[in-house]
Amino acid sequence: MRLDILNRGYGAGTKALFALIRVFSGHPVPDAAKIVFYRSDFYGARAKEFTHEAMRGASSWSVADRELMAAFVSKANECAFCVGAHTATASRAYQDGAKVQAVLADLDSAPVEEPLRATLRMLGNLIREGKASSSDMRDVLSAGVSRQQVKDALAVCAAFTVTNRLADAFGFEVLGPEGFDAGAKYLLKRGYR
Amino acid sequence: MPEEDKKRAAFQALVDRVLNGEGKASAEQRALAFRNADVPPSLEPLVGKVATRPTRVTDADFAAAKASGLTEDQLFEVVVCAAVGQAARLYDAGLAALAQASATVAGEAESCGSTS
């Protein structure tokens, strides 16, 4: 990563944990996981709590839907690390990689329900334009999405707006397919805490 | 507490910590990065890109910020604040648009009810 402190600035206990994870998973700890251990009282502790709540807290969106939103938001932000990580996680969660790839390639023709399509479209517009209109939101509500579902989707968007930026600013190493798949298994089993 | 409030409250706790808790960067430096406004020239390229064009951040942006005297710990905090600030603006914009849409829909329903 671009800051040496994020590569080497961890205590002995954290370094030992990273080594254990490497041994048991067969993969080095991804930079996205490392960063939340760096001075966790400043950023990591609360970031993990918020991201876990957005991605695994109560919601009428499924875990798979929210992982797809994370991948879609990351694509809108052009964040290669997070697109890889959450494409893998959404694909595992749905047990349908083709569906995830179709959404990322062309939302309009992808085989998803209209409420999810309208929500993803709204998130993409919000990221690209930096603003949202009441007309955008009426379109989403008209597609059958509840107000609570919109709020839940906005929470996913906020979580990955942060992570996407840290990934690109600090230069997270983009993993290969095996590395992303190992991360996906972990995220679906343990979440983000 | 309803789940909707738990998500929002968890985000606000993150915002409050990075802006108002102890840090290596000053509270003013963190606030300016969060707002992406009035940032000193040595930090402006880095903060501006983190907020709006994060894929364009380069080693040179960090080098320029370090040359102005900031430590890596201070830069870590500044970048986190810039990222969280952009997320906060989008989150707020989305919730405000939703509230406006909901009010419009409720108004139309009331109007229909009163004329039927």
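Candidates A:VAL145, A:VAL162: the one that is part of a loop (DSSP other than H, G, I, E, B) and either at negative phi or crowded, with 24+ Cβ neighbours inside 10 Å (or both) is A:VAL145.
Take B:GLY48 and tell me if it is more than 9 Å from every other protein chain (Cβ to nearest Cβ) and not charged (D, E, K, R). So B:GLY48 fits the description; yes. The set of residues in segment A:63-90 that are within 16 Å of A:TYR192 (Cβ to Cβ) and either among the aromatic types (Phe, Trp, Tyr) or not in a helix (DSSP H, G or I) (or both) contains only A:PHE81. The selection criterion, being closer than 23 Å to A:LEU188 by Cα, more than 10 Å from chain B (Cβ to nearest Cβ) and surrounded by fewer than 24 Cβ atoms within 10 Å (Cβ to Cβ), holds for A:GLY97.
Look at A:GLU178 and say whether it is out of contact with any strand residue (DSSP E or B) (no Cβ under 9 Å at 6 or more places or on another chain), surrounded by fewer than 18 Cβ atoms within 10 Å (Cβ to Cβ) and in a loop (DSSP other than H, G, I, E, B). When the stated conditions are applied, A:GLU178 does not pass them. The set of residues in segment A:1-37 that are assigned to a loop (DSSP other than H, G, I, E, B) and of a type in the set (Ser, Thr, Tyr) contains only A:TYR10. If you go through segment B:20-50, how many residues are buried (at least 19 other Cβ atoms within 10 Å of the Cβ), basic (Lys, Arg) and more than 17 Å from A:THR161 (Cβ to Cβ)? Number of matching residues: 1. Scanning segment A:26-57 for residues that are closer than 21 Å to A:PHE180 by Cβ and either aromatic (Phe, Trp, Tyr) or loosely packed, with under 15 Cβ neighbours inside 10 Å (or both), we see that the one that is nearest to the other protein chains (Cβ to nearest Cβ) is A:PHE37. The helices (runs of 4 or more DSSP H) found wholly in segment B:1-111 and carrying at least 3 residues that are in contact (Cβ under 8 Å) with a residue 40 or more places away in the chain occupy B:3-20, B:27-35.
For segment A:125-137, the count of residues that are closer than 27 Å to B:LYS6 by Cα, in a helix (DSSP H, G or I), in contact with a Leu (Cβ under 6 Å, 6 or more places away or on another chain) and more than 9 Å from chain B (Cβ to nearest Cβ) is zero. If you check A:LEU104 against the conditions, is it under 17 Å from A:ASN77 (Cβ atoms) and either modelled with pLDDT of 95 or more or within 8 Å of chain B (Cβ to nearest Cβ) (or both)? Spelling it out, A:LEU104 is indeed under 17 Å from A:ASN77 (Cβ atoms) and either modelled with pLDDT of 95 or more or within 8 Å of chain B (Cβ to nearest Cβ) (or both).
The single condition from (1) within 11 Å of chain B (Cβ to nearest Cβ); (2) surrounded by fewer than 24 Cβ atoms within 10 Å (Cβ to Cβ); (3) closer than 26 Å to B:LEU14 by Cα; (4) in contact with a helix residue (DSSP H, G or I) (Cβ under 7 Å, 6 or more places away or on another chain) that A:ALA153 fails is (2).
Within segment B:8-21, the set of residues being at the interface with another protein chain (Cβ under 8 Å from one of its Cβ atoms) and more than 17 Å from B:ARG89 (Cβ to Cβ) comprises B:ALA10, B:ALA13, B:ARG17, B:GLY21. Got at least one residue in segment B:25-40 being at pLDDT 95 or above and at the interface with another protein chain (Cβ under 7 Å from one of its Cβ atoms)? No, segment B:25-40 has no match at all. Checking A:LEU120 against (1) in contact (Cβ under 8 Å) with a residue 40 or more places away in the chain; (2) at the interface with chain B (Cβ under 8 Å from one of its Cβ atoms); (3) among the hydrophobic types (A, V, I, L, M, F, W, C), which single condition isn't satisfied? Among (1) in contact (Cβ under 8 Å) with a residue 40 or more places away in the chain; (2) at the interface with chain B (Cβ under 8 Å from one of its Cβ atoms); (3) among the hydrophobic types (A, V, I, L, M, F, W, C), the lone unmet condition for A:LEU120 is (2).
The values are calculated or read from the model by the stated rules, or taken from the named source; none is laboratory data. The structure presented is a predicted model; accordingly, all values stated were derived computationally and were not measured. In this analysis, Cβ positions are derived from the backbone assuming ideal geometry, glycine residues included, and neighbour counts consider all displayed protein chains.
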